[in-house]
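The values are calculated or read from the model by the stated rules, or taken from the named source; none is laboratory data. Being a predicted model, the structure only gives us computed values, none of them experimental. In this analysis, Cβ positions are derived from the backbone assuming ideal geometry, glycine residues included, and neighbour counts consider all displayed protein chains. Just so you know, the surface numbers come from the protein's heavy atoms only, side chains and all, with ligands and any DNA or RNA stripped out. Shrake-Rupley method; radii C 1.70, N 1.55, O 1.52, S 1.80 Å.
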Amino acid sequence: MTAPMLDQFPWSANARKLRNWFTAYLLTLSAGLYLAINSDFNNPVGLILIFGSLIPYITCVVFAYRVQRALNEGKLYRGGAWQISAGALLLNPFLVGFLIPASVLWAARRINRRIRGGELE
């Protein structure tokens, strides 16, 4: 039996979009923090970038929900998609909110490796 191609998994397209939006979120937040901290929070561009990072963060949460739901429906991951929504509401996107998309990407990558290695069907 041959391993399926990357795009044949139900979560692959959403995981790719999640990775791109997660990168945009991290870059926007880091640039905003860098500009704001270096100017003692007097630089309006830094503050705009910090609050503007909420747009890619919300998009990350949407794609993380979709990936988690696909993994859960495929019985490949125990955690439910509702945990993504709860985490997004409970965790501050400016401090530890990055853990939500990072953990979903990590789980999807681990499952992809296990499928390609023949450990899972």
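Packing order of peptides 10-22, 107-119, highest average first: 10-22, 107-119 (average count of other Cβ atoms within 10 Å over each peptide's residues).
In this structure F98 has an accessible area near 80 Å², from a 1.4 Å probe over the protein heavy atoms. Qualifying trypsin sites (Lys or Arg not before Pro) in segment 59-101, where qualification requires a DSSP coil assignment and no more than 13 other C-beta atoms within 10 Å, comprise K75, R78. Using only side-chain charges placed at the Cβ, +1 for Lys and Arg and -1 for Asp and Glu, the dipole size of the chain relative to its Cα centre rounds to 400 debye.
Of the accessible area of segment 5-121, computed with a 1.4 Å probe over protein heavy atoms only, carbon and sulfur atoms account for 63 percent. Could you work out which residue, out of V62, V96, V104, moves most in a Gaussian network model of the chain, that is, has the largest mean-square fluctuation with Cα springs under 10 Å? In the Gaussian network model the winner is V96.
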